[in-house]
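Read-outs throughout are calculated quantities, based only on the coordinates presented, and are distinct from any laboratory measurement. If you're wondering where the values come from, they're calculated on a predicted model, not measured in any experiment. Positions of Cβ are generated from backbone atoms using ideal geometry, with glycine treated the same way; all protein chains shown enter the neighbour counts.
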Amino acid sequence: MKFVLYSDIHAQLAQLEAVQEAVDKENADKEIVAGDLVMLGPDPGPVVENIRNRKNCDVIVGNLDVWVVDKRWEWMEPKNIYHEWMMNMAKDTRERLTEDQIQYLRMLPFTLSYMPEPGHEFFIFHGTPHEVGDTSALPLTLSDDEVKDYIKDVKADIMAHGHIHGPSIRQIGDQTIVCCAGVGMSWDGDPRPAYAVVEYLGDGKWHAETKRIEFDTEKAAQYNEQSWIEHSDRVAKMVRTGYFWNPDHMPH
Ligand SMILES: [Fe+2]
C-alpha cells in the first residue's frame with residue numbers, strides 16, 4: 001500500500017498546486033495532508049476548497065488551523081510582538097474563510113492511523129503524537145533519547161508528521177519517523193516545496209522517501225509581498241529563502 005503525504009500548506013495555493021501535480025504522478029493508494037492548511041499565506045479560502053475537494057485524501061488539523069478555529073486572539077494574551085502578529089493573522093485569516101470552511105477545519109481529526117497488515121501500523125500527527133504542535137515539536141535538533149520520550153507510548157512501525165517545515169526521515173530504534181513538511185514554506189534552507197512517500201512492502205517492511213519539487217519561489221515570494229498579509233515581507237522571505245524569517249525567535 002502506497003501513501004503520499006504533505007503538510008504545512010499555509011494558505012499558499014501555487015505551492016499546493018505544484019506539489020499536487022507531482023503527487024498525482026505517484027499513483028498512491030492514499031493521499032494524506034498532515035495539517036496546517038491555513039495561516040502564513042494569502043489564500044486560505046482557495047486552499048481549504050482545494051483540499052476538501054481532493055479525492056481519496058485524508059486530512060488532519062495543524063496547530064495554526066486550530067488558532068483560526070478557536071479564535072485564539074480572543075482569549076490568549078500574546079507573549080510578545082511576534083505572537084501578537086500571528087494572532088492578528090489568525091483573525092485576518094478567519095475573516096477570509098466562509099462559515100462552511102471554518103466548520104470543515106473544526107471537524108478535522110488530530111491524528112490518523114492505518115494498518116495495512118495486522119500489527120503493522122502507520123501513525124500520523126501534526127506536531128508530536130500527543131499534542132498538535134503549540135507546545136511541542138520534533139525538530140532534528142532533538143537527541144534520539146528526547147525523541148524516544150515523545151514516542152514511548154506509540155506502537156506504530158512508522159510515523160509521519162508535519163510542523164517543523166523541513167522534510168526528513170529518522171530511525172529511532174526499530175521505529176521510523178518521517179517529516180513530510182512543508183508545501184508553503186521551508187525552514188531548512190531549501191525553499192523548494194516538499195512531500196513524502198511511504199509504502200508498505202509487506203512482511204513488516206516499509207519504504208519511506210522525501211521529495212522536493214522545482215518551483216518558482218521568487219514569483220511566489222513577490223505574490224506574498226503584494227498580498228493583504230501584515231508584515232508580508234516576513235512570509236515572502238521564508239518562501240524565497242527556505243529559512244525562518246527571524247533566526248532570533250525560531251518557533252522550535
Ligand atoms: Fe506549519
Subject >> Sparse-neighbourhood loop sites, trypsin sites (Lys or Arg not before Pro) in the range 70-139 - DSSP loop, at most 14 other Cβ within 10 angstrom >> reply: Lys71, Lys79
Original post:
Which of the lysines could be linked to Lys55 by a straight reach, that is with a Cα gap under 22 Å, when you skip same-chain ones fewer than 8 residues away?
Top reply: Lys2, Lys25, Lys30, Lys211
Subject >> Lys/Arg +1, Asp/Glu -1 at C-beta; the chain dipole; positive extreme among Met86, Leu40, Gln101 >> reply: Gln101
Original post:
So which aspartates and glutamates pass the test for Lys71, namely a Cα distance under 14 Å, with those fewer than 8 places away in the same chain ruled out?
Top reply: Glu84, Asp92, Glu95, Glu99
Original post:
Which value in deg cm²/dmol, rounded to the nearest 500, describes the helix-derived mean residue ellipticity at 222 nm for the chain, given -39,500 (n - 2.57) per DSSP H run of n ≥ 4 and division by the residue count?
Top reply: -9000 deg cm²/dmol
Original post:
What net charge do the residues around His83 carry, taking every other residue with its C-beta under 10 Å from that of His83, with Lys and Arg at +1 and Asp and Glu at -1?
Top reply: 0
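Lys and Arg at +1, Asp and Glu at -1: add these up for the other residues within a Cβ distance under 15 Å of Asp174 and post the number. Intermediate values should be presented prior to the final figure.
Numbers: positive: Lys148, Lys152, Lys155, Arg170, Lys205; negative: Glu121, Asp144, Asp157, Asp203.
Here the count lands on +1.
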**OP:** Enter the per residue convex hull volume of the chain, computed from alpha-carbon coordinates, in Å³ rounded to the nearest integer.
**Re:** 118 Å³
Original post:
His252 versus Lys55, label points 7 Å from Cα toward the beta carbon: distance in nm?
Top reply: 3.5 nm
Original post:
If we count every other residue with Cβ under 15 angstrom of His130's Cβ, Lys/Arg +1 and Asp/Glu -1, where does the sum land?
Top reply: -2
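About its Cα centre, how strong a charge dipole does the range 2-249 have in debye, to the nearest 20, once Lys and Arg get +1 and Asp and Glu get -1 at the Cβ?
Numbers: 25 positive and 43 negative charges, 39 e Å.
About 180 debye.
Within the chain, which is the longest segment that contains none of the GluC sites (Glu not before Pro) sitting in a DSSP loop with at most 13 other Cβ atoms within 10 Å? Could you put the intermediate results ahead of the total?
Numbers: sites that count: Glu214, Glu230.
Free of exposed loop sites, the longest segment is 1-213.
Which whole-number percent is the relative contact order of the chain (Cα, under 8 Å, 6+ apart)? Don't skip to the answer; put the middle values down first.
Values: 535 pairs, mean separation 52.1, N = 252.
Relative contact order, the chain: 21 percent.
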